[in-house]
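Below is one structure; the comments refer to it alone.
Coordinate-derived values only; no laboratory data. All values derive from a computational prediction rather than experimental measurement. Because the Cβ atoms are built from the backbone with ideal geometry, glycine has one as well, and the counts that use them run over all protein chains shown.
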Amino acid sequence: MSKTIRIEKRILEKNDVVAARLRQRFADIVVVNIMSSPGAGKTTLLEETVKRLSGKTTIGVIEGDIATDYDAQRVESAGAGWVVQINTGGVCHLDAGMVEQALDSMPEKLGLLVIENVGNLVCPSGFDLGDDYKVVLASVTEGLDKPKKYPGMYRKSHAMVLNKIDLSPHVNVSPAAFVKEALDVNPALTVFQTSATAGTGLDEWCGWLSALKKPANA
Ligand SMILES: Nc1nc2c(ncn2[C@@H]2O[C@H](COP(=O)(O)OP(=O)(O)OP(=O)(O)O)[C@@H](O)[C@H]2O)c(=O)[nH]1
Ligand SMILES: [Mg+2]
């Protein structure tokens, strides 16, 4: 057994302890963790989501990026009720400790907390952030093979948003075929097909998001 594997196990066990603490802290708020490869459209989807839902509920957003506060600025301008940017300084995922530190200024009354994870199709799904729902955001431009090449994130997610469907004819990827590949990996996925820039599918996505309830076992 290699040393590396033992270290990884310890890191994940430590993460789980903090995630359990976060889950207590999040007892009254639904927390959604959005994960994707870089540039799939997480922030664009969040901007549009905040614009559509901010009259009905107060959305808090935790942004995870290696560097810059660009994404925090974008969702704040879109009208998010509370935004904090985490810079991981090179780490390719958020962990529970980073999220815990970011909560210092979190207001009591938020209707929904969304975490935008660092753009990466592998590591983010391995770290419990005390979240209730994980969403994998895919885009047609990534190619049809991605769900089966990166199955971990698809297996762990409750929903898949397939974004950039407006580009489907240009990249020769059929949204229906992509959905089939994803459902082969995880048949329980709730699926949305969106163009965050054109507005397609956003009503369905926002309807699902705003109807989410705290899971019974949370
Ligand atoms: N054509 C098209 N472009 C999109 C769509 N959604 C996002 N984009 C564009 O894709 C680019 C990346 O979008 P972002 O929202 O920044 O992606 P992201 O996943 O937040 O990126 P990272 O945070 O860096 O991982 C931007 O130029 C968006 O305008 C879409 O549905 N269709
Ligand atoms: Mg982003």
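A few notes on this one:
- Rounded to the nearest whole Hz, the Karplus-based 3J(HN,Hα) values (6.51 cos²θ - 1.76 cosθ + 1.60, θ = phi - 60°) of region 151-157 follow the sequence x, x, 5, 5, 5, 7, 8, with x at glycine and proline.
- Across region 1-153, the fraction of Cα-Cα pairs farther apart than 23 Å, rounded to a whole number, is 36%.
- The calculated 222 nm mean residue ellipticity attributable to helices in the chain amounts to -11500 deg cm²/dmol, summing -39500 (n - 2.57) over DSSP H runs of n ≥ 4 and dividing by all residues.
- Gained length - residue 101 relative to residue 70, 0.36 nm times residue gap less alpha-carbon distance: 9.2 nm
- Cross-link partners of residue 146 among aspartates and glutamates (Cα-Cα below 13 Å; sequence separation of 8 or more within a chain): 181, 184
- Annotation: lysines with alpha-carbon distance below 24 angstrom to residue 51 (same-chain offsets under eight excluded): 42, 109, 134, 164, 213, 214.
- Summarising the label geometry, the points placed 7 Å from Cα in the beta-carbon direction at residue 9 and residue 54 lie 4.8 nm from one another.
- Short-range pairs are left out: with C-alpha atoms under 8 Å and at least six residues apart, the relative contact order of region 3-211 is 24 percent.
- Springs between Cα atoms under 10 Å define the GNM used for the chain, and in it the highest mean-square fluctuation of 12, 113, 22 occurs at 12.
- Near-label residues of region 34-76 by backbone N, under 16 Å of a point 7 Å along Cα→Cβ of residue 88: 34-43, 62-72
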